[in-house]
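Taking it in order: structure first as structure tokens, then the write-up.
The numbers here are math on the coordinates, done by the rules we state, and not lab data. Everything numeric here is computed off the predicted structure, so don't read it as measured data. As a convention, Cβ positions derive from the backbone with ideal geometry for all residues, glycine included, and neighbour counts pool all protein chains shown.
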């Protein structure tokens, strides 16, 4: 463990530099579950302090440099606190209500340090900067606890790099204890007894629910104390729930105005109510994150019980998302088939997004700009979130699929026919808290890996393996910078990836997001190939060795593996780190192969272009232009053009036109980089065979799209017989992956299987190829040789074969010639073997020269160009006079027209 030695002189200097600003200290530290993180700052002085110039910095994972710094502003009153809560919206609602500021600077774990500064002076600190450690001493730990500064500690710790003992200045409280936030000191001054309240009287004058809701987004009664009545339609008062209940207007109070809601949420759990109770409530109207509710409730009276409320029928899509405001707080039902479009939050938050259809990323099916943005705007009108009504994370059992397991999944594309519950609004999304457990239907069942197409003799695949890092390659070295946190997690991860790759049975596979640690004995690529060979004994896998300790500078790289019993490397392994592959875009790799069964040669290349993340550092043309392509698009386009140019230069030294580029291009199908590849001759094989861009390999925020591709040269495109996105990952909930965090011991077993499903977050792309080639319709068309001439004797019997027509059929095995179309004579025809046959009596004096117009037609209805075939008819007299005189025969032929001329003239 690295520790910095602090001299007494340094401590004295540090304390002097901080003394001028000793008014502020960090007074409370909340490291709760999930995103429940907060820091409280206390003004110890009796004078107001300006926060301008102060900053709070987070030092993550033992770093000596701040990962996030929050500049503070405003005024902090004397002896008052300032609460900063994580900016992640998934923090506990109770915690968020205490915040004066939301900031990423408090998105810490128990092993991260915090430093409070004024300008360049350290005012206070928590933890030890530059050290990654969960600090524990004297019964106090920084992990999963709330810590409060001891009341006698009124001067900050100005030595952030010194050894940190949390028990010196801090007291420990339970995880998720937020009760002390907002004031400094362990105890509180007793509040005076409140004045007694006048009991509520049911039926007295009241404010109706529809009046409170109003016709706009916000209530006209905000911050007004009201009394209202209604019937309880849903009860979520439990500690793990919303801590309140929903009520609906009494029938007599319904105003029939379609713009006003007849339901509202009451944030109150101290009174026991049940569904069907007629209640009277006294409280204040609040807009809580843009949702109208009754809070600061002082009284609830139950007026009656056993009432029923009929759910209001609504349907999707709506004309505008704001149309749902008229139903906020009401009991509703959607009686229509809805498709699961997002299951990312299923295990963590009990959330599922439903929509009228599978929703696509705008730029997957529409051009960037107005078209893509319009499509996404339409997406918003088609969806709604199903929410279990719990405020906890990672609850058991998982709602609404209590039997969810590695084998019993809920995939995007599955459906539900009816959803009934109360409509709420939070975190910028309309959501339904079900009052009846919805019943899902498996309409998008898992499929095994597709069988090799009957016409194919070669399979190529692309697979993003989501940070396959193998530690030191010998069972230790965990956690690494990415991927598995422990050897146990790595074993689970590797088993799933190996299972998936083996099932694909590809001859060549391009990999992305594999650890960039070279090609040695203990490298990640060597570890994966060894595991594959142990698992799939029917094949022998190898990797292309580029002979480097590291490819480029990124933590992850691309790789090529192949089956040595199916293909062999030819040419040289090629790589470039030239611009634009020196930043963002990972360096391209390529290798040529020969198919052992057919001797056909092709080149496979792997790409991984710059991701759409990290937009805050993007500048100039790389900034997000709000056209649907996100940031770094210019870098990806430059990568696409340079990659195509590099491939066209035949970098492996093999001059063959069959090229396939596989990889994660971080661009959807209609975006600029994919179109740049097409302009350079590399077409999207999946889209070309499907005839559309509805294929997908990835799901993000409930939108399907393809980030993974097989881009092929024109010559290879003609040889592809099948493409498949094998949906083993994008459709599956994330909680079925190899990770063990946020899962109970039972879930770590029940939610995991060593099979291919949720082995990664990207689906593999599979391409089946008939390596000897498939002819285009033009290339398949039969061809008849031009200017063919034949001779037949006069009076030859019907059925006499005059000769064999010369023609070619490039695709005779698949679509043979079945007919010759003949015009010009009824005396001669051509059968389907191309033989010219006499069909009627031949009279030299009537017709000494027969001219036929002939076309060949094959079984695929390809018809050749017309050709003229000439047949000379010999007279019997000429034959009798000189059967063996070649010269006399040709003289007869030459004089025949003159003879006919004289005969017709006489």
Can you pull the semi-axes for the stretch 134-175, root of five times each eigenvalue of the Cα gyration tensor, sorted largest first, whole Å? 17, 13, 8
How long are the semi-axes of the equivalent ellipsoid of the stretch 321-441, defined as square roots of 5 times the Cα gyration tensor eigenvalues? Whole Å, largest first. 24, 18, 13
What per residue convex hull volume, in Å³, do the alpha-carbon atoms of the stretch 738-851 yield? 168 Å³
Computed over the chain: longest principal axis from alpha-carbon atoms vs helix 8-19 long axis, angle to nearest 10 degrees, is 80 degrees
Sequence gap at least 6, Cα distance under 8 Å: using those rules, report the relative contact order of the stretch 321-441 to the nearest whole percent. 33 percent
Quick check: the angle from helix 524-535's long axis to the longest principal axis of the chain, C-alpha only, nearest 10 degrees? 70 degrees
Dimensions of the stretch 634-714 along principal axes (Cα, Å, largest first)? 44, 28, 18
If you average 1/r across every pair of different Cα atoms in the stretch 259-327 and take the reciprocal, what Kirkwood value do you get, in Å? 14.1 Å
For Cα pairs less than 8 Å apart in space and 6+ apart in sequence, what is the mean separation divided by the residue count of the chain, i.e. the relative contact order in percent? 7 percent
Compute the distribution of all C-alpha to C-alpha distances in the stretch 448-570, in bins of 10 Å from 0, and list the percent of pairs in each, rounded to whole numbers. 13, 46, 31, 8, 1
Once you have the alpha carbon radius of gyration of the stretch 129-223, what is it after dividing by 2.2 N^0.38 Å, with N set to its residue count? 1.89
In deg cm²/dmol, rounded to 500, what helix-only [θ] at 222 nm does the chain give when every DSSP H run of at least 4 residues adds -39500 (n - 2.57) and the total is split over its residues? -4500 deg cm²/dmol
If you average 1/r over every pair of different alpha-carbon atoms in the stretch 486-548 and take one over that average, what Kirkwood value in Å do you get? 12.4 Å
Considering all projection directions equally, how large on average is the shadow of the alpha-carbon convex hull of the stretch 376-418, in square nanometres? 4.6 nm²
Note to self: C-alpha centroids of the stretch 804-825 and the stretch 403-434 sit apart, in Å, by 61 Å
All alpha-carbon distances of the stretch 28-80, grouped into 5 Å bins from 0, give the whole-percent distribution 5, 16, 18, 24, 18, 12, 7, 1
What three numbers, in Å, describe the spread of the alpha carbons of the stretch 699-769 along their principal axes, ordered from the longest? 53, 26, 13
When the convex hull of the C-alpha atoms of the stretch 362-518 is computed, what volume per residue in Å³ does it have? 223 Å³
Grab the alpha carbons of the stretch 216-373, take their convex hull, and tell me the volume per residue in Å³. 152 Å³
Taking the Cα centre of each part, how many Å lie between the stretch 642-665 and the stretch 262-337? 61 Å
So the pair-distance distribution of the stretch 209-309, from every Cα-Cα distance in 10 Å bins, comes to percents of 17, 52, 29, 2
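If each residue's Cβ is checked for other Cβ atoms within 10 Å, how do 868, 86 rank with the fewest at the top?
Sorted ascending by nearby Cβ count, the order is 868, 86.
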How long is the stretch 8-173 along each principal axis, judged by its Cα atoms, biggest number first, in Å? 42, 33, 29
Hey, how much of the P(r) for the stretch 516-587 falls beyond 19 Å, as a percent of Cα pairs? 41 percent
Calculate I(q)/I(0) for the stretch 536-683 by the Debye formula, one identical point scatterer on each C-alpha and no solvent, and give its log10 at q = 0.10, 0.11, 0.14, 0.20 Å⁻¹ to two decimals. -0.38, -0.46, -0.70, -1.21
Could you calculate, for the chain, the ratio of the Cα radius of gyration to the Kirkwood radius, expressed as Rg to Rh? 1.16
Can you tell me the orientation of helix 370-380 relative to the chain, as the angle in degrees between its alpha-carbon axis and the longest Cα principal axis, to the nearest 10? 60 degrees
At what distance in angstrom do the alpha carbon centres of the stretch 723-802 and the stretch 359-373 lie from each other? 27 Å
